[in-house]
Each structure stands twice: as structure tokens, then as C-alpha cells.
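Accompanying notes for the structure given below.
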Amino acid sequence: RTEYGAAAHACSGTASRSLQFAASGPISRNHVHTIRSAHRRKYPALKLAWRETNQHEAEMLLQADEIDLAITELDGKPPPGIKSSVILKLPLALMVPKDSRWRSAEQLWEQETLETFLSLPPEEALSRLFQQGFAQQGIRFASGIEVASLESMKTYVANGFGVGLAVAI
């Protein structure tokens, strides 16, 4: 049984019959509708409530007992008292404008500095993971444009503002 299924099953016998969870933006936009549909079929009396958040905020909400479960990107080990499980690994995707000279991540690794690179805010797990990857390749990370979401990044890249790394959802 999945971690979500175990949590839903555990909550289904309680008086409140509710499950509070948090999910990152990409997970909320791309997967919560599937989770909601499945939970309604299997646990029709269970009330499901969620909020969109990042890993750091989700950890704080878990520690404060404001949520029961979080589904986020994972960067490092969670704080003591929080159990984590990897439920999905997503590959990285290079986003470039159609007319870009770059066609692969390997071509990016040949650069010393990326001047027109789009990134998520530095507090986002994906941003930190990308920065670590760049450092391992010896590339100085120079964010040209900071965007709030992967959807925004996709729009800016398509309009020729630069290149960005995302996850293939």
C-alpha cells in the first residue's frame, strides 16, 4: 500500500475523518487531481484537504501537526521526527528556445558560466539541487531570471528569455 493509502486508511477510522496534506506546486498541478479521484472512490467518507507548498514549509507544517502528510521534491534528509520515502524519481529536462544553439545538457556543461539561465527561487528544492549539479560540473551558476514556477519558466524560455532546467513531469 502507498504511503498516501496507509495514511488515508489510518484516518478513515477516526472521528474527524480528514486527511490534511501539502504538496509542491508541480505535484499539485499535475497529480493531486488523480489522488483526489482515487481517494474519493476508495475512502468516500474521508475529507481531503491540501495546500500547495515547498519542502521547507511542508516540514514545518508536519512538525507543527498542521498536516498529516507531505508530497514534495526531496532535498537532503528531513528533520528528526519526519519519515520520508521516495515515491517517484523524475528526470531532468533542459528547456531551450526553439532557435537555441544548445540541444543537450552536455553542451551546457561545456560552458563556464550560464548568463541567461532561468531558475526557481533559491529556497526551492529543485533550485538547490540544480545548483549542486552545476557545482559538480564546475559551472558557475548565474541566474539571469528568477521565476516563481516551472510553468512560468516554460513561458519565458519559449519567448526567448534564456534556458532553464526543469523536471520531466
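The values are calculated or read from the model by the stated rules, or taken from the named source; none is laboratory data. Note that the structure is predicted; figures quoted are calculated from it, not measured. For neighbour counting, all protein chains shown are included, and Cβ atoms are generated from backbone atoms with ideal geometry for every residue, glycine included. Keep in mind that these areas ignore ligands, DNA and RNA; they rest on the heavy atoms of the full protein, side chains included. Shrake-Rupley method; radii C 1.70, N 1.55, O 1.52, S 1.80 Å.
For (1) out of contact with any Leu (no Cβ under 9 Å at 6 or more places or on another chain); (2) of a type in the set (Phe, Trp, Tyr), each residue gets a yes or a no:
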{"site": "LYS47", "(1), (2)": "no, no"}
{"site": "TRP50", "(1), (2)": "no, yes"}
{"site": "LEU69", "(1), (2)": "no, no"}
{"site": "THR72", "(1), (2)": "yes, no"}
{"site": "GLY81", "(1), (2)": "no, no"}
{"site": "VAL86", "(1), (2)": "no, no"}
{"site": "PRO91", "(1), (2)": "yes, no"}
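In the stretch 54-157, which helices (runs of 4 or more DSSP H) lie fully inside it and hold 3 or more residues that are open to solvent by 70 Å² or more (accessible area, probe 1.4 Å)? Output list reads 55-63, 125-136.
Anything in the stretch 1-32 that is modelled with pLDDT of 85 or more and surrounded by fewer than 16 Cβ atoms within 10 Å (Cβ to Cβ)? List them, or say none. SER18 - this is the single residue of the stretch 1-32 that is modelled with pLDDT of 85 or more and surrounded by fewer than 16 Cβ atoms within 10 Å (Cβ to Cβ). If you check ALA168 against the conditions, is it at pLDDT below 80 and among the hydrophobic types (A, V, I, L, M, F, W, C)? Spelling it out, ALA168 is indeed at pLDDT below 80 and among the hydrophobic types (A, V, I, L, M, F, W, C). Given the structure, is LYS83 over 24 Å from GLU151 (Cβ atoms) and without any contact (Cβ under 8 Å) to a residue 40 or more places away in the chain? Yes.
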